[in-house]
Amino acid sequence: MCQVDEDYNGQLDRDEVLSFSKKCVKCKEATAVLVIRAGDMFCSGCFKEYFVHKFRAMLGKNRIIFPGERVLLAVSGGPSSCSMLNQVQEGLSQNAHKKLRFIPGIVYIDEGGALGLSVEERQRTVDELQSMFKATGFPYHILPLEEVFDLPSSVLEESSPSSEQPDITYKAAVDHFIQTNRNCYLSPEKQADLTGLNIQESHTHSLQQIFGSIKTLTAKEDLLQTLRQHLLVHTARSKGYSKLMLGDNCTRLAVKLLASISLGRGAQLAIDTGFSDLRYGDIITVRPMRDYSAKEVSFYNHMYNVPSVFIPTLDTKTTDKASVLRLTESFVTKLQAHFPSTVSTIYRTSEKLQTIQPSPSSSTAHNWDKCLLCMCALDTNVVEKASAFQATLISELLSQRRASRPVDTASPTLRPEFQGPESTAAGGVGCERAACGGGCCSSVKAPESTELKSLLCYSCQLTIKDMSSADLLPQYILSEAQRRKRRSQMREEIREFLLDEDY
Amino acid sequence: MESPLPLQSLRVGGAELLFDGVKEHQVTLPSQSEPWDMKQLLVWIQRNLLKERPELFVQGDSVRPGILVLINDADWELMGELEYQLQDQDNVVFISTLHGG
């Protein structure tokens, strides 16, 4: 609670501090041009120093990116990721104070197909970005979202981290790097010769069909994010990168955090918003911009002419209530306008969140414990009978029954089956089976979607439920779903013969 | 009666779709009896420049939260926000930090 008091005091002080032509709090000489937090005013020079330092400190402190490692920067064209690109560029330049030592590459995913933009519009954006990427001298990959239809189903498997130098410490790696291949990254890498987007029209059509089949913007945003993430990870894997950098800033993460809770992703919060994300095993996702507020990023980009491209997204020009994410964003920004520590308070909360890490051996072996879409640990296989999730399932079951049958016959059949899941100790699985046995699957809802459901976490279930048919999903998802299903059937069959600790 | 007030430039970043996709605007504010302040500028923008969905740019008598305002490249929070009196050749920039503009 003391934290809250502190923040509130800051807010009260604010009015006294505000007056014209204040001096920078750091150098106390130059005129301040920007208020970062309540009372903290910086001149442009000190702000630059602070901004640059923060980026390198973030990477230095976390010691996740090793020298000489290949890192893929996911650049969307927006202010945050462009700012990240700019920081990496500056950090690698010869005269940088604390030089960055990794080898970067850029990836941009063009989502125009999901938004229904014309090929010309998409090409124009791509051209603009391409000239920006060329200027950096880094290798770059520009992909249309349509490529998700060509993904192999292995994307959805967690690969174990490559075994090379598993035990080497960060410090040893740095020393080694400095001694041996100091100059390796100086040789300019060849940039990909990319003339334009290579879009298959039939894929654009399928993509639009998927998004057309989803009713709510919330689910659309969620699915887009999932597909994009799969494509990013696949690109990183196939092009030989071992880290993926995302440009999420602190404001964005605060919004994501609250929105995720509302969407039932509470169990996945820590890895969805943390600095590093190990869910894919071999490709580690990092979020180096998570210390910057959206305001800092925008000011920096404006002052130091960092180019960014305006690209419409799904929620462009929508109202505040269009989606859960949008509503949360408006809630947070409105609160932030009156209470300047809102974002940082939410952000600090997210830093404290942790997921209990299963031991490494079990986490790699048990692919079936992971959600098919978001690759997080499943939160739907809880055995606890009295959980809120079970209650929802039972209530869903009951209401489906009511709707599909005449009222008079409903009550007698309902009774024994209602007791069914309670008497079997199997919990969730029992419910599911009772549901199928009881004939609720006789509704038009294809068995595929029920089948898919058991492989998804709670939040992804909700998203898929919003689609009119799960069969529209790209093939790699469906075939992986079938494979997992077969696997679990097989496991069920040989269950008796398995040793306990294996199971 | 004050003479017309030319601004050096008025830019919108990230929210240009609401302004017909135009980022940079050359603006000369018409003459009026009292000096122009930011509050009046917002009303003027809403009447003359905004092409659609004004609620996505202006809320109440200020800008929508999440849109930053820079006056002569400085944070408007340092300049008195809505009360700031516009000068000849001022440079005003609006930057949207909201997702999707």
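The values are calculated or read from the model by the stated rules, or taken from the named source; none is laboratory data. Since we're looking at a predicted model, the values are computed, not measured. FYI the Cβ positions are ideal-geometry reconstructions off the backbone, even for glycines, and counts take in every protein chain you see. Please note that ligands, DNA and RNA were not included when accessible areas were found on the heavy atoms of the full protein model with its side chains. Shrake-Rupley method; radii C 1.70, N 1.55, O 1.52, S 1.80 Å.
Residue A:69 versus (1) out of contact with any Lys or Arg (no Cβ under 7 Å at 6 or more places or on another chain); (2) at pLDDT 90 or above; (3) open to solvent by 10 Å² or more (accessible area, probe 1.4 Å): which is the lone unmet condition?
All conditions are met except number (1).
Could you identify the single residue in A:299, A:310 that is within 14 Å of chain B (Cβ to nearest Cβ), open to solvent by 10 Å² or more (accessible area, probe 1.4 Å) and closer than 18 Å to residue B:13 by Cβ?
The match here is A:310.
Can you say whether residue A:126 is at pLDDT 90 or above and within 25 Å of residue A:280 (Cα to Cα), as far as the supplied structure shows?
no
Determine whether the range A:300-311 contains at least one residue that is within 17 Å of the chain's Cα centre (by Cα), in the same structural domain as residue A:255 (by TED's automatic domain parsing) and not small (Gly, Ala, Ser).
No, every residue in the range A:300-311 fails to be within 17 Å of the chain's Cα centre (by Cα), in the same structural domain as residue A:255 (by TED's automatic domain parsing) and not small (Gly, Ala, Ser).
Restricting to the range A:239-277, and then to whatever is of a type in the set (Gly, Ala, Ser), more than 11 Å from the chain's Cα centre (by Cα) and closer than 26 Å to residue B:96 by Cβ, can you tell me which residue is surrounded by the most Cβ atoms within 10 Å (Cβ to Cβ)?
Among residues in the range A:239-277 that are of a type in the set (Gly, Ala, Ser), more than 11 Å from the chain's Cα centre (by Cα) and closer than 26 Å to residue B:96 by Cβ, the one surrounded by the most Cβ atoms within 10 Å (Cβ to Cβ) is A:254.
Within the range A:98-137, which residues are open to solvent by 60 Å² or more (accessible area, probe 1.4 Å), within 30 Å of residue A:62 (Cα to Cα) and in contact (Cβ under 8 Å) with a residue 24 or more places away in the chain?
If the condition is that a residue be open to solvent by 60 Å² or more (accessible area, probe 1.4 Å), within 30 Å of residue A:62 (Cα to Cα) and in contact (Cβ under 8 Å) with a residue 24 or more places away in the chain, then A:98, A:101, A:134 are the ones that fit.
What's the number of the only condition in (1) modelled with pLDDT under 50; (2) open to solvent by less than 50 Å² (accessible area, probe 1.4 Å) that residue A:459 fails to meet?
So the condition that residue A:459 fails would be (1).
If you go through the range A:465-483, how many residues are at pLDDT 90 or above and touching a Leu at 6+ places or on another chain (Cβ under 6 Å)?
Adding up the residues that qualify gives 3.
Just give me the residues in the range B:1-48 being within 14 Å of chain A (Cβ to nearest Cβ) and part of a loop (DSSP other than H, G, I, E, B), in sequence order.
B:14, B:15, B:20, B:21, B:22, B:23
Being within 12 Å of chain A (Cβ to nearest Cβ), open to solvent by less than 50 Å² (accessible area, probe 1.4 Å), within 20 Å of residue A:312 (Cα to Cα) and not basic (Lys, Arg), is that true of even one residue in the range B:71-89?
Checking the range B:71-89: not a single residue is within 12 Å of chain A (Cβ to nearest Cβ), open to solvent by less than 50 Å² (accessible area, probe 1.4 Å), within 20 Å of residue A:312 (Cα to Cα) and not basic (Lys, Arg).
Taking into account only those residues within the range A:144-173 that are hydrophobic (A, V, I, L, M, F, W, C) and open to solvent by 20 Å² or more (accessible area, probe 1.4 Å), which is modelled with the highest pLDDT?
Residue satisfying both the conditions and the ranking: A:149.
Could you list all residues from the range B:52-63 that are within 9 Å of another protein chain (Cβ to nearest Cβ), surrounded by 15 or more Cβ atoms within 10 Å (Cβ to Cβ) and free of Cβ contacts under 8 Å to residues at least 24 places away in the same chain?
B:59, B:62, listed by residue number.
If a residue has to be assigned to a strand (DSSP E or B) and more than 21 Å from the chain's Cα centre (by Cα) to count, how many in the range A:60-115 make the cut?
So the answer is 1.
Can you pull out every residue in the range B:67-84 that is in contact with a helix residue (DSSP H, G or I) (Cβ under 8 Å, 6 or more places away or on another chain) and in a strand (DSSP E or B)?
B:68, B:69, B:70, B:71, B:75
Restricting attention to the range A:197-217, which residues are open to solvent by 30 Å² or more (accessible area, probe 1.4 Å) and of a type in the set (S, T, N, Q)?
Matches in the range A:197-217: A:198, A:200, A:202, A:206, A:208, A:209, A:216.
Could you list, in sequence order, the residues of the range A:313-332 that are without any contact (Cβ under 8 Å) to a residue 12 or more places away in the chain, within 8 Å of chain B (Cβ to nearest Cβ) and open to solvent by less than 40 Å² (accessible area, probe 1.4 Å)?
Answer for the range A:313-332, where residues must be without any contact (Cβ under 8 Å) to a residue 12 or more places away in the chain, within 8 Å of chain B (Cβ to nearest Cβ) and open to solvent by less than 40 Å² (accessible area, probe 1.4 Å): A:316, A:330.
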